[in-house]
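Read-outs: derived from the displayed coordinates by stated rules, not from any lab. What you see is a predicted model, and the numbers here were worked out from it, not measured in a lab. All Cβ positions, glycine included, derive from the backbone under ideal geometry; neighbour counts span all protein chains shown.
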Amino acid sequence: MATDPETTPDDQPEAPAAEGTGDVLREPGDVSPDTTDGEGGEARRVDESGSTEPLADEDGRPSPKAALVYNPTKVDGDELRELVASHAKQAGWSEPLFYETTVDDLGDDVTRQALEEGVDAVLVAGGDGTVRAVSEAMTGSSVPLTIVPSGTGNLLARNLRLPLDDAEAMIAATFEGDTLTMDVGLAQIRRPDGESREHAFVVMGGIGLDAAMIANTRGDLKKKMGWVAYVDGAARSLSQAKPFPALYQVPGQRPHRSNVQSIVFANCGSLPAGLELIPEASITDGQLDFAVFQPRSALGWLLVWRRVAWDNSVLRRFRAGRRILALRTADNAVRFTKGKGIDIAAGDAQPVELDGDEFGEATHIAVRVVEGALTVAVPKGHKATV
């Protein structure tokens with residue numbers, strides 16, 4: 001792996017110290033709501049008919065029981081509730097609990113409510129933002145989470161090789177499937193005003209250009225074209241992309257200082273359209289993978305694209321291709337490394353994203369991994385490449 005030239009004591013700023021972690025807090029204002037414009041109100045618990053009255057939890061209610069957290073703008077709530085209730089009944093489980101997300105609750109608060117009620121499983125249906133929020137609330141709980149693929153990206157489901165077009169198969173996995181434990185990333189984000197909060201991510205996050213690309217993606221285009229809309233956001237971001245000075249350090253490695261376009265921290269490495277950003281990334285190795293993008297010119301961007309779209313996504317799949325890559329001279333346009341975490345200090349406030357959602361701007365991010373923090377339900381006999 002290529003490295004930056006050594007910095008001297010005179011020009012190297014002090015490496016940023018890791019932040020304390022504290023409790024995981026929710027900041028709905030940080031992210032674009034996973035709901036349609038104009039929606040509001042508090043997240044609410046609903047019954048099978050859609051009533052917003054609280055469900056009575058009668059004395060002696062049998063266990064086990066499941067909870068479904070869903071985004072009503074991404075899925076057909078009536079159909080989904082009926083499927084979950086039917087599978088729960090067939091499995092001998094009690095009546096499920098149903099929770100809708102809203103603009104005021106992306107899913108983490110209602111998930112904590114479900115856990116407080118002692119549920120034995122949680123299902124989530126919504127976009128990547130909903131999956132991230134529910135996963136954050138479930139980190140460390142040991143209660144299995146079932147991902148019912150919905151929305152645009154389905155990034156975690158793709159990386160777990162789950163069926164993307166068979167909701168019933170995933171619902172059934174809640175009651176009769178297998179489970180696996182996966183790592184979760186936590187990012188302590190410090191704002192320009194000094195405020196600091198920690199948030200979870202299950203796929204990947206980043207600071208710099210990748211976050212700007214997400215911010216520049218048009219919502220209406222995303223609804224019509226799905227993940228392809230990010231191409232438009234990327235084109236508009238690249239036209240005004242400027243490198244920014246950053247000091248970053250992985251524990252146990254020396255600090256680096258460089259002008260970068262983006263630093264990505266990943267728990268998973270696969271993107272839509274078969275692209276492999278970080279093919280070696282694993283959600284079960286107790287480590288995170290990092291990609292530092294620092295092209296110096298248009299040729300540098302071509303090298304980045306070749307690395308992601310050709311080297312990682314095509315050549316690396318074949319033995320002959322891997323031999324070619326082993327003979328190729330390394331370049332500095334993109335650098336890969338891995339570790340238990342990373343500290344990043346930016347010279348100026350830069351946009352941040354986690355699992356495809358905007359998270360405002362930050363001057364410093366302290367990222368760490370929590371090994372085996374989330375239990376995920378998968379279909380019986382499913383082989384996830386992790």
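A count restricted to region 120-148 and to residues that are surrounded by fewer than 20 Cβ atoms within 10 Å (Cβ to Cβ) and of a type outside the set (Val, Ile, Thr) stands at 4.
Does Asp120 count as in contact (Cβ under 8 Å) with a residue 40 or more places away in the chain and within 20 Å of Asp178 (Cα to Cα)?
Taking the combined requirement at face value, the residue satisfies it.
Taken together, the residues in region 128-173 that are in a loop (DSSP other than H, G, I, E, B) and closer than 16 Å to Cys268 by Cα amount to 5. On the given criteria, is Arg81 touching a residue at least 12 places away in the same chain (Cβ under 8 Å) and touching a strand residue (DSSP E or B) at 6+ places or on another chain (Cβ under 8 Å)? The answer is yes for Arg81.
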